[in-house]
1. Name the aspartates and glutamates eligible as straight-distance cross-link partners of K171: C-alpha to C-alpha under 16 Å, and not fewer than 8 places from it in the same chain.
2. Calculated FRET efficiency, R29 and K260, Cβ-Cβ r, R0 51 Å, to nearest 0.05?
3. Calculate, in nm to one decimal, what S117 and R191 gain on full extension: separation in residues at 0.36 nm each, minus their alpha carbon distance.
4. Within 10 Å, count the other beta carbons around each residue, average over each peptide in 73-83, 192-202, and list them highest first.
5. Could you work out the relative contact order of the range 7-97? I mean the mean sequence separation of Cα pairs under 8 Å and 6+ apart, divided by the number of residues, in percent.
6. In whole angstrom, how far apart do the alpha carbon centroids of the range 247-298 and the range 111-137 sit?
7. Round to the nearest 0.05 the FRET efficiency obtained for I71 and A96 when R0 = 35 Å and r is the Cβ-Cβ distance.
8. Checking the a/c ratio against 1.5 first, then a/b against b/c, what shape does the Cα gyration tensor give for the range 192-288?
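Bear in mind that the values in this text are calculations on the coordinates, not laboratory data. Source: prediction; values computed, not measured. Here Cβ is always computed from backbone atoms with ideal geometry, including for glycine, and neighbour counts include all displayed protein chains.
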Amino acid sequence: MKQDPSLQTRLSDTRGSRAGIGFFRLWYRIFGYAHCKGMVWFVTFFYMLFDSGARKRVDPYLRHRFPHAGILGRCRHRWCLFAHQGLCLLRQELFAQLGIQYENVYDSPEARRVADSEKSGVLLYSHFGPWQLMMRGMATSRNTVNFLAQDDRNVTIDKMKSFSGEFPAGKVVPVHAGPGSLFALEQALERNELIAVMGDRNFEEAPLQVDFLGEKADFPVAAFYLAARRKCPVVCLFARPDGKGSYVLEFCEAMEVEMKGRSREQLRPYLERYVRHLEELCMKYPYDCFTMTDPWRR
């Protein structure tokens, strides 16, 4: 595994300061959630205008999702994306107060079996929608879930906070451990535990390139490789809004990965199925995709 240079100063490192989160908590107590949402849109308008670093990180995705947008259109798309990210952070902090609920939707009986059983399996999720809240939802499983995740430098919005106390079923395998990370995940599968791996952010030296939003993009295949080695299924998992303030956890059909020999090209059909799911959701909910990197960069 490699460290993506674009992540050395990530957007999340400078978002969600303690003072900012405290301000929104106070605003919520005084004025309620509707006014909090309005304030998020107000604050992110200035990010759209003055934060060149944030614009640089979201523009690759927006160029591909809205290829015909002009200057004003691109500004509007940036603002909407920043606002939706801010609302996700707000809902994460106000999770208990807002009573956010998840509805689990399974595309197949096999997907339900993987999610509910005490046998090994791979959950492939994405930086889409309230993905950190989704980690909480997965960590309440009756089976232990091992998350391959990158440490948050910003402790105020540290996702690791989700895995203590009420979420004892969640464990974190740090990305920076390199080959040791893959070994730890394989050991978890041997213990008949679940592993959860991000499918849309590459940390590999030799990713596969597949079509995504009109151009070849780099995607990792470690999740499929581990599933093939351990002969366990892969289920793509997405969190999407339900239009009522809560979310749907969508478990797509289970994929039984087969791999003969060492050629990673054999994993392409499975990767393409995941990317098609991600692309369809990006088309339907364009401002809930928080890739924040440039997978199209060569």
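1. Correct list for K171: E118, D151, D152, D158, E186, E190, E193.
2. Numbers: r = 60 Å, r/R0 = 1.17.
E(calc), rounded to 0.05, equals 0.30.
3. Working: separation 74, 0.36 × 74 = 26.64 nm, distance 1.32 nm.
Extra length from S117 to R191 when fully extended: 25.3 nm.
4. 192-202, 73-83
5. Numbers: 42 pairs, mean separation 32.0, N = 91.
It comes to 35 percent, rounded to a whole number.
6. Between the Cα centre of the range 247-298 and that of the range 111-137, the gap is 14 Å.
7. Numbers: r = 42 Å, r/R0 = 1.19.
After rounding, the FRET efficiency stands at 0.25.
8. Values: a/c = 2.34, a/b = 1.42, b/c = 1.64.
Oblate is the answer for the range 192-288, as a/c is 1.5 or above yet b/c matches or exceeds a/b.
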